[in-house]
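Below is one structure, written out as C-alpha cells; comments come after it.
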Amino acid sequence: MADNLIQKKGESTWYVRLAVPADVQSKLKTKVLVQSLKTGLRKEAMERRLPILTEWKQRIRTAREGIPLPEGWQDEIISLHDEIEGMFQNVKLGLVGIEAPPPPEVDPVIEARMRNNPKLVAAFQGLVQDHLKDGLAGKVRLIDEMSKGFQSMIPKLYTRSFNLPITQQAEVNAVLLHPNQHKSKSPITSARIKAYREFRESRGGAAKHVDQQVGKMERLSEFLKKEGHPLNFDTVDNWLKSLDRAPKTLSQYLMAGTAFWKWAMKYDATWREEYKDKVNPFTGHELPQGGGSETAGKEREIYTQADTLKLHRAALDNGDKPLADLITLGWYTGARIEELCRLNKDSVIAVDGIRCFDFPKSKSKASQRVVPIHPKLLPTIERLIEETKDGFLIPTSSHDHYGKRSHAISKAFGRLRTATGFSKLHVFHSFRHTVVTALIRADVTDALAKELVGHETGSVTHDVYSKGASTAQKLAAIKKLAVIHIRHA
C-alpha cells in the first residue's frame, strides 16, 4: 500500500489510508486515518488523495512538534501573569478600605459553564467557607490562593492551545518562574510592522519610501530586542547614537519613528492602551551639528570640462560605452540619472522644427518638461537611436525591485568616480549642479534655468500662469553650455 490507497471488501470506491505513528496516537485518538475518495477510478483517486495526505501529515507534525509559539509569547505570558496578580491585589486593597479599580466582569459563558458543574461549585464554596472562618486574614489567604490558581492555569492554557511538547512546556514554566531574567522583546513586532506596511501601501505610498520607513522601524526593533530596553526617549536617544549617521539622516529616522508612532496610536488598539499616557519618544531630540558621514553639511562639487573628459575617457577605457554616453548626456542636460535612463526613441521629438527631449513627470510637476538637444549632442543621440535593442537610449544591465533603470549604472558610475580620484562630493547629480551653474554664469535667467532642469521657480506667476519660454529661447540657452570634445570608442 505504498500509494496509501485501499478498497474495502465488496466496494469499488477507493479510500486513502495512513497509519498514525505510535508516539502521536494518543493525541490524535486513533491508530489509522481513513477517508473515502468518492471515486471508483484509480487515476482520480491518486490525485484526490494528495491534499488529504498533506493535511494528515501536518496534523501528525503538529501533534508531535506543537504549534509554533507566536512572536513575543514570553512578554505575553509575563503580562498575563502580572495582570492576574494585579487584579487580585486590587481585590485585597478593597478589603482593607483602599480604593482600587474593580475586578473585570466574568464572561457570562464561562460563568454559566462553571455554575453547571456541581462538583466545581461545591469545591469552590467549600474553599470559601473554610477561609471565611478566619475573618480578614482568611479572606486575604483565599484571594492569594485564587491568584496562584489562576496563574498556574497559564502554562496549561498555552500547552493546550499550542500542543506544546515537553521541552517548550518547561520553557514556559521557566519564564513564569524567573520573569526578571527575560529581556523584554520589542513592542515593534513583525505583525505590527506588517500591518504598518500594508497601511502605508494602501494609502498609495511609493514602494521605495515605504520600504525605507519600514526598514528604519525594523532596525529600531532589532535594537530594542538586543538591548532589552523599553521604548522611550532615552532608548531612542541611545539608538540614534549607535547609528553613526549624519544629522540629516538621523532626522529622517526620527520622522519615520513619529510616523509609525502616530499610526500605532490611531490604528492599533493594544498599542494605544499601552502607551496612552506616554509622550512620543521620537520628538524633542537635539541632533548633533555636523558629524556623522564625512560629507555631512558639505555641498556637492561641480564637474569641470576636464573632469568630465577624464570620466568619459575612463569609462571608454573600461569598455563601458553606455556609461560614457550617460556622462555625455549628463554634461549637456543636467537631467537626473533616472530621467536619462528612461529616455527612449519616443522621447526624442521635434518642436517648432527643433529636436528636443520630452521628459515625463518624475519627481515633481516641474520635472515634466521639453528641453532642446544641444547641437553637439545630436550625433550621439542619432547613434543611440540606431543602436538601441529595447527602445531605450541608455542600455542598462538590470533594474532594482522598484523598477529603477538607473540602479546598476549608478553603482557603476560610483565605482568609476572613486577609481578616477574624485571625492564623495562628486556624484552623478553633480552634473545637475554643473549645468545650473553654467547657465546662470552665462546670464540665463533664473526662471529659464530652472525650467530647463525641471525645478519649480517658486513664483506663482511663472509656475501657475506662465507657459514658459519658447523652444527657440530654450535652445539659445542650451547652446551656452560649453562644448566637450569627447573621443569615440
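Counting just the residues of the range 374-394 that are hydrophobic (A, V, I, L, M, F, W, C) and not in a helix (DSSP H, G or I), which one comes out surrounded by the most Cβ atoms within 10 Å (Cβ to Cβ)? Filtering first and then ranking leaves 393.
Entry remark, the range 341-358: residues being farther than 16 Å from residue 403 by Cβ and in contact (Cβ under 8 Å) with a residue 12 or more places away in the chain number 12 in total. Out of all the residues in the range 352-362, is one or more among the β-branched types (Val, Ile, Thr), assigned by TED's automatic domain parsing to the domain that holds residue 379, part of a helix (DSSP H, G or I) and surrounded by 15 or more Cβ atoms within 10 Å (Cβ to Cβ)? Scanning the range 352-362 turns up no residue that is among the β-branched types (Val, Ile, Thr), assigned by TED's automatic domain parsing to the domain that holds residue 379, part of a helix (DSSP H, G or I) and surrounded by 15 or more Cβ atoms within 10 Å (Cβ to Cβ). Residues that are within 16 Å of residue 379 (Cβ to Cβ) and among the polar types (S, T, N, Q) were ranked within the range 328-351; the one that is surrounded by the fewest Cβ atoms within 10 Å (Cβ to Cβ) is 328. In the range 412-422, the count of residues that are more than 24 Å from residue 308 (Cα to Cα), polar (S, T, N, Q) and at pLDDT 90 or above is zero.
Residue selection: residue 52 fails the criterion of being hydrophobic (A, V, I, L, M, F, W, C), within 28 Å of residue 157 (Cα to Cα) and not assigned by TED's automatic domain parsing to the domain that holds residue 167.
Matching residues to (1) in contact (Cβ under 8 Å) with a residue 60 or more places away in the chain; (2) among the aliphatic types (A, V, I, L, M); (3) part of a loop (DSSP other than H, G, I, E, B):
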{"position": "417", "(1), (2), (3)": "yes, no, no"}
{"position": "424", "(1), (2), (3)": "yes, no, yes"}
{"position": "428", "(1), (2), (3)": "yes, no, yes"}
{"position": "431", "(1), (2), (3)": "yes, no, no"}
{"position": "436", "(1), (2), (3)": "yes, yes, no"}
{"position": "451", "(1), (2), (3)": "yes, no, no"}
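Residues that are in contact (Cβ under 8 Å) with a residue 24 or more places away in the chain and farther than 10 Å from residue 285 by Cβ within the range 230-242 comprise 230, 231, 232, 235, listed in sequence order. Beta carbons closer than 8 Å, at least 6 apart along the sequence or on distinct chains, pair a first residue in the range 253-281 that is outside any loop (DSSP other than H, G, I, E, B) with a second that is exposed (fewer than 12 other Cβ atoms within 10 Å of the Cβ) for 272/266.
Highlighted here are the helices (runs of 4 or more DSSP H) found entirely within the range 146-249 that include at least 1 residues which are among the aromatic types (Phe, Trp, Tyr) and either modelled with pLDDT of 80 or more or buried (at least 17 other Cβ atoms within 10 Å of the Cβ) (or both): 190-202, 207-227, 233-243. Those helices (runs of 4 or more DSSP H) of the range 295-344 in which 3 or more residues are of a type in the set (Ser, Thr, Tyr) occupy 321-333.
The values are calculated or read from the model by the stated rules, or taken from the named source; none is laboratory data. Remember, it's a predicted structure, so these values are computed and weren't measured experimentally. Neighbour counts are summed over all protein chains in view; Cβ atoms, including those assigned to glycine, are modelled from backbone coordinates with ideal geometry.
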